[in-house]
1. Got at least one residue in the stretch 70-81 being hydrophobic (A, V, I, L, M, F, W, C) and farther than 20 Å from G133 by Cβ?
2. State all residues of the stretch 57-70 that are farther than 20 Å from I8 by Cβ and either touching an Asp or Glu at 6+ places or on another chain (Cβ under 6 Å) or open to solvent by 20 Å² or more (accessible area, probe 1.4 Å) (or both); if no residue qualifies, say none.
3. State all residues of the stretch 95-125 that are closer than 18 Å to G30 by Cα and surrounded by 15 or more Cβ atoms within 10 Å (Cβ to Cβ); if no residue qualifies, say none.
4. Test each condition in (1) out of contact with any His (no Cβ under 7 Å at 6 or more places or on another chain); (2) assigned to a helix (DSSP H, G or I); (3) more than 18 Å from P6 (Cα to Cα) for G60 and report the one that comes out false.
5. Select from the stretch 33-56 the residues that are open to solvent by 40 Å² or more (accessible area, probe 1.4 Å), in a helix (DSSP H, G or I) and touching a residue at least 12 places away in the same chain (Cβ under 8 Å) and list them in ascending order.
6. Kindly establish whether S73 is of a type in the set (S, T, N, Q), modelled with pLDDT under 95 and open to solvent by less than 40 Å² (accessible area, probe 1.4 Å).
7. For the condition at pLDDT below 95 and either open to solvent by less than 20 Å² (accessible area, probe 1.4 Å) or within 23 Å of L84 (Cβ to Cβ) (or both), what is the one hit in T22, T2?
Amino acid sequence: MTKRNPMIDLVNRVEQEEGLPTGVLNALAGIESSYNPKAVSPTGVKGLLQVTLATGKQYGLNSDADRLDPEKSARAGARYFKDLTKQYKGDMVMAAAHYNGGGREAQLYKLGRLTDMREETRNYVTKFQSRVGMSPTMAAAPAGARVAQMDSANGMSQQGDLVQSVRADK
């Protein structure tokens with residue numbers, strides 16, 4: 001019998017406590033570190049959610065030990081992704097592109113300039129969409145529509161090939 005990775009349970013709990021749609025934080029942890037809380041990238045990102053030093057400090061991770069603490073890393077990653085989702089008005093795919101490659105990659109995705117994106121980020125977005133149960137599409141959606149939306153006011157998600165964001169202020 002295969003033993004279940006305890007990091008999956010931790011990520012599920014943090015995901016729920018932080019109000020993310022089911023499967024989102026698990027998708028990030030699986031892609032980022034394969035659920036390895038001690039993962040260290042050659043680029044310097046560390047931990048379960050592969051948080052950079054600068055981003056970590058913004059979310060209360062003040063040391064390498066904090067970034068390697070699975071609970072702290074998961075919570076910081078969840079809050080960062082939630083903030084990115086709000087920044088992109090509920091578009092979780094753009095948030096995932098930014099989480100992986102920064103704002104430039106998210107903007108290239110939005111503009112449909114996929115061939116200008118880093119290959120790593122294009123692959124990351126496809127993996128993210130697949131893991132959260134969306135149809136992976138590498139073509140930017142038409143203006144006003146996105147492949148993944150999350151209502152930034154209440155954290156509810158809508159999934160589908162093309163959906164409109166449901167916003168509390170409308």
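1. Among the residues of the stretch 70-81, at least one is hydrophobic (A, V, I, L, M, F, W, C) and farther than 20 Å from G133 by Cβ, which makes the answer yes.
2. K57, Q58, Y59, G60, N62, S63, D64, A65, D66
3. Those that are closer than 18 Å to G30 by Cα and surrounded by 15 or more Cβ atoms within 10 Å (Cβ to Cβ): A95, A96, A97, H98, Y99, N100, G101, T121, R122, Y124, V125.
4. G60 satisfies all of (1) out of contact with any His (no Cβ under 7 Å at 6 or more places or on another chain); (2) assigned to a helix (DSSP H, G or I); (3) more than 18 Å from P6 (Cα to Cα) except (2).
5. Within the stretch 33-56, just L53 meets the criteria.
6. no
7. It is T22.
Yes or no, residue by residue, for (1) of a type in the set (V, I, T); (2) out of contact with any Pro (no Cβ under 6 Å at 6 or more places or on another chain); (3) farther than 17 Å from Y124 by Cβ:
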| residue | (1), (2), (3) |
| --- | --- |
| I8 | yes, yes, yes |
| V11 | yes, yes, yes |
| S34 | no, yes, no |
| A39 | no, yes, no |
| T43 | yes, yes, no |
| K46 | no, yes, yes |
| L68 | no, yes, yes |
| Y80 | no, yes, no |
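The values are calculated or read from the model by the stated rules, or taken from the named source; none is laboratory data. Quick caveat: nothing in here was measured; it's all calculated off a predicted structure. Virtual Cβ from ideal backbone geometry, glycine too; neighbours counted across all protein chains shown. Heavy atoms of the whole protein, side chains included, go into the accessibility calculation; ligands, DNA and RNA do not. Shrake-Rupley method; radii C 1.70, N 1.55, O 1.52, S 1.80 Å.
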